[in-house]
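Since the structure comes first, as structure tokens, the remarks are kept for the end.
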Amino acid sequence: MIKLYDNGVYLVNGTKIVEDNIEAVPTLNLECGKAPVKEEAYKGTMAYKILEAHNTSDDMQNLHIKFDKLASHDITFVGIIQTARASGLEKFPVPYVLTNCHNSLCAVGGTINEDDHMFGLSCAKKYGGMYVPPHQAVIHQFVREMFAGGGKMILGSDSHTRYGALGTMAIGEGGPELVKQLLNRTYDIAMPSVVAVYLTGKPQKGVGPQDIALAIIGAVFENGYVNNKVMEFVGDGIANLSADYRIGIDVMTTETTCLSSIWTTDDEIKEFYEIHKRHEDYKELKPDDIAYYDGMIYVDLSEIKPMIAMPFHPSNVYTIDELNANMMDILDDVEKKALVSLGNNNIKYTLKDKVRNGKLYVEQGVIAGCAGGGFENICDTADILRGKYIGADEFSLSVYPSSQPVFMELVKNGAIADIMATGATVRSAFCGPCFGAGDVPPNNGLSIRHSTRNFPNREGSKVTNGQIASVALMDARSIAATAANQGILTSAMDMDVDFNKPKYFFDSKIYENRVYNGIGKPQPDVEVKFGPNIKDWPVMSALTDNMVLKVVSEIHDPVTTTDELIPSGETSSFRSNPLGLAEFTLSRKDPTYVGRAKAVQLAEKARVAGEDVFIACPEIEEVFKKINEKFSSKPEDTQIGSLIYAVKPGDGSAREQAASCQKVLGGFANIAKEYATKRYRSNLINWGMLPFLFENDHLPFENGDYIFIKDIKNAIINKENIVKAYVVNKDMKEFELKTGSLTDDERDIIVKGCLINYYRAQMKAEV
């Protein structure tokens, strides 16, 4: 079904695969006349050419990228624009779209969600941007329809910023990286490796894009095969996939932890742009006659069957047939894995009680968002459900078309009526089911979803309150098949159905009549509208000579997601209020974290204010006494704060708040064995936090210990990769921490204390 190559590969004429081993040279001589120079063949990928076209440096190994366009939604754009405003923003220098698809249905906090929307509209007017009102489109569907372009690059403040199927290299990052673009700076990154995804064959009837995506995720996530790399989709199988189908696979590449994606384009994609009245944005893309890749994922589409990603990760995959044939064994394994994800919360977790007569019963189905809410997914859903009904028991089905134009066409062709007649409900464009702000199942419930993630708490439950529900990811077609069987897990391949495949017609008037487009037309006199919940970032202190950091949380899960660092769902309404949001930090993973962090922060606040540190935090006095038995260190030149340890933090969302909330509470570092994604590590750096690495399994410290780091400022300035640290309350036990690779700008940001301070210092220097 899926093969991972152990070595790099040459792709010759788009079809011939030559693995980079001792047989490569004679094979290439036979195919090409002579073996190509590997360094030149590297340049034959689509990814290399797009990155080269957007690189502003003279060094293709160290890229300084300027993006063509930017995109944000309503739980990120307020913080981004506030940061940019504090750093000297005058106008949006590139097209920037602000969508409102995350907070549009959250009712927490009174007026604050709509206040955020009005903030966004006023900023689009003042700085020259585009504003998409609530319920019009989810962010990624709007960008596909109106913003993507062949050969272009888009940066978005959402991790699922992926438009590779349309020939657009897109990257999801934390907000500070968008701030840099808004201030005419660059996205600095080492040249990423490029891995080919060779698609061949044709999917079987009933197999959808989510099935292909989950199969790939299952093959590459755990081994890190594409971590922080670009996935380049090639192969003869692409021609067998519609544009919608390709998009459905592409958006899920985020869950592999890759950096970005790009696909070959053809007449199918050309037609997509023509349908959306943007024919000029199409560009044919394909690799050169000889292209070299750092690896290859070979996918025979014809062998993939309907899949299910069991709780609590998109990589926890099985075929539905496999699950139904080995039900109790697989459920037992899922429950064991769940115990690791749920931690020590005294939750009795089981899925075995959902087995009825040897079949798995689920309580809920959801088809939604940038992954599930596409036109073809919903049309095929309607075909499977037509003439059936979902029943009057626990099972429910909700369908969210990804945009108003998609919704309108589904109304016109009758698909919506067919779906509603079954007892299912149809909603407006909204990302809530993807991040826990809509369709929360009951306690102990199991929801099957064509959405992007199924992390713990992703559907809205609160483990610390004794609430637990589960999400399994599936394709819309098998969700529809399950709905047709009134909640009994069913593969779409088991259904006898004819898929009508109606043609899509795009009505641009919906956006023309409602979306505000001020791109390139800033109105400086417009006043920005602030609601009472929109707050400025608190002042953040610069790095000092030395640091004293208390370990206030220790997480030993194999992977820690950004959802666990700062929960999604009901917290979304507070994303515009740094102090208010920070109260939720680690609330579902380590509820005592906030109190411990704030207790240490009292010392730093006193230090910055010139007050007595020891009065503010009495335990610090003993810490300094111990330090000064070996070194000379005073509170005046020693930053005092907290840190968390996690084995592999940062999987999942790009949200900067996973880092900024720690910083707001006085967090100055993370220590990790490794970082799950580049974007989380970047978020730490941009908020002035040190991304330490400690690769040994045996920790020299534990929760509650104080760590002293001497001469940390000089170490950062002098580009020292290894720093000495001491566990204060363990007789100053010495150990080493690594900083990992840091650019000059990143070092300066850390020294200044955060990106805002960095830009303010530049503004003063320019004056």
Exercise. Residue by residue through the stretch 714-728, note down the ones that are in contact (Cβ under 8 Å) with a residue 40 or more places away in the chain and either crowded, with 17+ Cβ neighbours inside 10 Å or in contact with a Leu (Cβ under 8 Å, 6 or more places away or on another chain) (or both).
Key: 716, 726, 728
Quiz prompt | Members of the stretch 37-67 that are over 18 Å from residue 193 (Cβ atoms) and buried (at least 19 other Cβ atoms within 10 Å of the Cβ) | solution = 67
Self-check item: Residue ranges of helices (runs of 4 or more DSSP H) in the stretch 14-92 with at least 3 members on the phi < 0 side of the Ramachandran plot and touching a residue at least 40 places away in the same chain (Cβ under 8 Å)
Solution: 38-42, 46-54, 77-86
Practice problem: Answer yes or no as to whether residue 408 is assigned by TED's automatic domain parsing to the domain that holds residue 370, more than 21 Å from residue 363 (Cβ to Cβ), part of a helix (DSSP H, G or I) and not β-branched (Val, Ile, Thr). | Solution: yes
Quiz item: In this structure, is residue 653 within 15 Å of the chain's Cα centre (by Cα), buried (at least 24 other Cβ atoms within 10 Å of the Cβ), small (Gly, Ala, Ser) and under 21 Å from residue 583 (Cβ atoms)?
Solution: yes
Quiz item: When both residues are 6+ apart or on different chains and their Cβ atoms are under 9 Å apart, which pairs have a first residue that lies in the stretch 224-251 and is modelled with pLDDT of 95 or more, and a second that is acidic (Asp, Glu) and in a loop (DSSP other than H, G, I, E, B)?
Solution: 229/294; 238/266; 239/266; 248/475
Exercise. Please verify whether the stretch 330-338 includes one or more residues that are surrounded by fewer than 18 Cβ atoms within 10 Å (Cβ to Cβ) and either in a loop (DSSP other than H, G, I, E, B) or over 30 Å from the mean Cα position of the chain (by Cα) (or both).
Key: no
Quiz item: Can you name the residue in the stretch 444-470 that is of a type outside the set (D, E, K, R) and not in a loop (DSSP other than H, G, I, E, B) and is also modelled with the lowest pLDDT among such residues?
Solution: 464
Quiz item: Looking at this structure, is residue 380 over 24 Å from the mean Cα position of the chain (by Cα) and more than 24 Å from residue 318 (Cα to Cα)?
Solution: no
Quiz item: Any idea which of 596, 607 is within 15 Å of residue 552 (Cα to Cα), among the basic types (Lys, Arg) and outside any strand (DSSP E or B)?
Solution: 596
Exercise. Given the conditions (1) more than 28 Å from residue 621 (Cα to Cα); (2) surrounded by 15 or more Cβ atoms within 10 Å (Cβ to Cβ); (3) modelled with pLDDT under 90, report the number of the one that residue 681 does not fulfil.
Key: (3)
Practice problem: Sort out for me the helices (runs of 4 or more DSSP H) sitting completely within the stretch 207-284 that have 3 or more residues that are under 18 Å from residue 2 (Cα atoms). | Solution: 209-220, 243-250
Quiz item: For residue 658, which of the numbered conditions (1) in a loop (DSSP other than H, G, I, E, B); (2) modelled with pLDDT under 90 fails to hold?
Solution: (1)
Quiz item: Can you find a residue in the stretch 157-172 that is under 12 Å from residue 515 (Cβ atoms), assigned by TED's automatic domain parsing to the domain that holds residue 76 and within 21 Å of the chain's Cα centre (by Cα)?
Solution: no
Self-check item: Selected residue (criterion: farthest from residue 629 (Cα to Cα)) from residues of the stretch 713-767 that are outside any helix (DSSP H, G or I) and among the basic types (Lys, Arg)
Solution: 719
Exercise. Any chance you could count how many residues in the stretch 613-632 are surrounded by fewer than 19 Cβ atoms within 10 Å (Cβ to Cβ), within 42 Å of the chain's Cα centre (by Cα) and closer than 16 Å to residue 709 by Cα?
Key: 0
Quiz item: Condition test on residue 640, is it touching a Pro at 6+ places or on another chain (Cβ under 9 Å) and crowded, with 21+ Cβ neighbours inside 10 Å?
Solution: no
Self-check item: Among the candidates 206, 164, residue that is on the phi > 0 side of the Ramachandran plot and at pLDDT 95 or above
Solution: 206
Exercise. Would you mind listing the helices (runs of 4 or more DSSP H) fully within the stretch 471-569 where at least 2 residues are touching a residue at least 40 places away in the same chain (Cβ under 8 Å) and either of a type in the set (Asp, Glu) or in contact with a strand residue (DSSP E or B) (Cβ under 6 Å, 6 or more places away or on another chain) (or both)?
Key: 476-484, 562-565
Practice problem: Please enumerate the residues belonging to the stretch 423-443 that are surrounded by fewer than 21 Cβ atoms within 10 Å (Cβ to Cβ) and either under 21 Å from residue 485 (Cβ atoms) or more than 30 Å from the chain's Cα centre (by Cα) (or both). | Solution: 423, 425, 426, 442
Quiz item: Can residue 670 be described as in the same structural domain as residue 594 (by TED's automatic domain parsing) and at pLDDT below 95?
Solution: no
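The values are calculated or read from the model by the stated rules, or taken from the named source; none is laboratory data. Every value quoted in this text rests on a predicted model; they were computed, and no experiment measured them. Glycine gets a Cβ as well: all are built from the backbone with ideal geometry, and neighbour counts include every protein chain shown.
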